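Working notes for the structure below.
The values are calculated or read from the model by the stated rules, or taken from the named source; none is laboratory data. Remember, it's a predicted structure, so these values are computed and weren't measured experimentally. So basically every Cβ, Gly included, is an ideal-geometry build from the backbone, and we count neighbours across all protein chains shown.
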Ligand code: A3P
C-alpha cells in the first residue's frame, strides 16, 4: 500500500460521527457526510504504536476476527464481560479520528475497525490491514438479520428478506455494493501490509486462521501461541469459539433483546434456508461478472 494518510486519504474528507438523532434508513453510507481532517491518524504522540486496521464489508466475520486478534495480543485473555469491543477497537466511521487517536491503543498496536471501501480507508505503509471476506450469499442473510435487529439504527424492523435482498443487490445498504467492495480489496490481497482472510477458511480450520493472524502481527506472536504445549493458542481457540462469544453479547453490540442475537449461527451455507434459487443465481451472476475464474477459485467453493 502506498503513501501515508494525508496523501491517500480523500482530500478535504475525513470521518463524521454518524450517530445522529435521526434513525438511519437501511443505507447509511449516503448519509455519512465527511468532515475535513487536517491531522493524520498517526500523530507523533503515538509514533511507537502501529495502526492495525480490520477492514470488512459488514457481516463477513469482523467481530470474530477482532476478538481473535485481541486474544493473540493479550495472551489468550478474553474481553471482560463488561468491556466493549468498540471501545478497545473503535469503529472509525462511527466515532471519528479524535476518538481513535486518543483511545485505541493496546500492546503496541492502535486498533481501528472500518467498513470503508478501499479508496476511503486511510492508508499508510506502516499500518497493517486485516481484510476478511465472506461469500455474499451468507453475507446477505446475516446482514438482513443484523438490520432487522437494530430498530434504533435502521427503519427496517418490519422489512422482508426479499426487500432487503434487492437493496443488497443494488448496493443500497451500509457500505454500498458488496461486489465492488470486494473487487477493490481483492486487487490488494498481495500487498505486504495486507492480510487477506476468508471467513469460510477460518470456520474450517480455526487453528490455521489464528496462526496466520499471529504471524501477520509479528514473529513473536506465533512463538508465544505455540510454546508450553500451545497453551495460549488453545485459549485463543476456546475464547473465540462461537459458543464462547455468544456469552455476554453486550461486549460486541448494543442491546438486541427480542431479536436474533448478533452472534447468530456462524454457519457456512446457511443461506440455503432463506434464499430462493433465483436469488442465489442473481448473486452468482454478479460474482461471475466481477471476478475471474481464478479469483473465484482463490475465494473458495462458496463463491461458485
Ligand atoms: P451470522 O449472522 O451468519 O451468524 P460481523 O462481525 O462482520 O458483523 O459478522 C457477523 C457474523 O459473524 C455473524 O454471522 C456471526 O454469527 C459471525 N460470528 C461472530 N462470532 C463468531 C464466531 N466466534 N465464530 C463464528 N462466527 C462468528
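Observations on the structure shown:
- Qualifying residue in the range 161-175 (condition: closer than 24 Å to residue 193 by Cα, at pLDDT 95 or above and buried (at least 16 other Cβ atoms within 10 Å of the Cβ)): yes
Residue by residue, here is whether (1) within 23 Å of residue 186 (Cβ to Cβ); (2) modelled with pLDDT under 95; (3) surrounded by 14 or more Cβ atoms within 10 Å (Cβ to Cβ) holds:
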| site | (1), (2), (3) |
| --- | --- |
| 198 | yes, no, yes |
| 208 | yes, no, no |
| 212 | yes, no, yes |
| 222 | no, no, yes |
| 226 | no, no, yes |
| 236 | no, no, yes |
| 240 | no, no, yes |
| 244 | no, no, yes |
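- Selection from the range 77-95 of residues that are part of a helix (DSSP H, G or I) and closer than 19 Å to residue 175 by Cα: 86, 92, 93, 94, 95
- The residues listed here are 238, 295; of these, the one that is more than 16 Å from the ligand (Cβ to nearest atom), part of a helix (DSSP H, G or I) and either in contact with a helix residue (DSSP H, G or I) (Cβ under 9 Å, 6 or more places away or on another chain) or touching a residue at least 24 places away in the same chain (Cβ under 8 Å) (or both) is 295.
- Residue 130 meets each of the listed conditions (1) over 17 Å from residue 251 (Cα atoms); (2) in contact with a helix residue (DSSP H, G or I) (Cβ under 8 Å, 6 or more places away or on another chain); (3) modelled with pLDDT of 95 or more; (4) in a loop (DSSP other than H, G, I, E, B) apart from (4).
- Within the range 149-159, restricting attention to residues that are in contact with a helix residue (DSSP H, G or I) (Cβ under 9 Å, 6 or more places away or on another chain) and surrounded by fewer than 20 Cβ atoms within 10 Å (Cβ to Cβ), the residue that is modelled with the lowest pLDDT is 153.
- For the range 261-283, residues that are exposed (fewer than 14 other Cβ atoms within 10 Å of the Cβ) and either within 14 Å of the ligand (Cβ to nearest atom) or under 19 Å from the mean Cα position of the chain (by Cα) (or both) total 3.
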